[in-house]
Structure formats: structure tokens, C-alpha cells
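All remarks here apply to the structure that follows.
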Amino acid sequence: MSHVVLLLLTLIPLDIIYIRANGSIARITKAKELDLTPLPWYVAFAYFKLAVILEGIHYRFVTGQTVGAGFDTIGQAVKPLVDGGLSVIGKD
């Protein structure tokens with residue numbers, strides 16, 4: 001994962017991304033008459049899946065199983081992702 005992605009994951013408030021996407025989703029839902037009430041669950045699940053992947057990479061870094069630079073800070077992105085997922089489903 002590039003340093004730019006990690007920087008974005010740690011600096012951009014994830015709820016802002018969701019709110020902007022949610023506005024677009026509302027317009028599409030109204031135009032297409034779709035029921036997207038389960039969407040927040042899927043968005044939260046996506047946050048948690050990415051958090052699990054990054055935690056796995058962090059674990060491999062901590063145990064000395066990674067090759068290359070840039071893995072030393074990847075663990076810092078896990079908590080913001082978990083928090084973002086929880087906020088999407090209102091469990092923050």
C-alpha cells in the first residue's frame with residue numbers, strides 16, 4: 001500500500017467521505033426508486049474488512065515477515081477505520 005493511501009486513511013475524516021457519498025446515494029435512490037436501507041451495514045462492513053487486512057499487514061510487520069519500507073506506520077490506520085465503520089452504523 002502506498003504512503004499516499006496511508007496518509008489519506010489517517011488524515012481524511014471518514015465520516016465526511018460517507019456523508020458526501022450518502023448525498024449522491026440519496027439522489028440515485030430517489031431517481032431509481034431503490035431501497036438502500038441496508039447500505040450503511042455494507043459500508044461499515046467495508047471499513048472493517050479493510051481494517052482487518054491492514055491489521056494483518058501490521059502483524060506481519062511486527063513479527064518481521066514484511067519486506068520493504070513503509071510498513072512501520074500501517075497499524076495506525078486500523079483504529080480510524082474501525083471507528084469509521086462504527087460511526088456509519090451509529091455505534092460510535
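General remarks:
- Using the alpha-carbon positions of the stretch 25-84, Rg (one decimal) and Dmax (whole number) come out as 16.8, 51 Å.
- For Thr66, Thr73, order by how many other beta-carbon atoms lie within 10 Å, fewest first: Thr73, Thr66
The numbers here are math on the coordinates, done by the rules we state, and not lab data. Small disclaimer: the values here were computed from a predicted structure and weren't measured. A quick note on method: Cβ atoms are made from the backbone with ideal geometry, for glycine too, and the neighbour counts reach across all protein chains shown.
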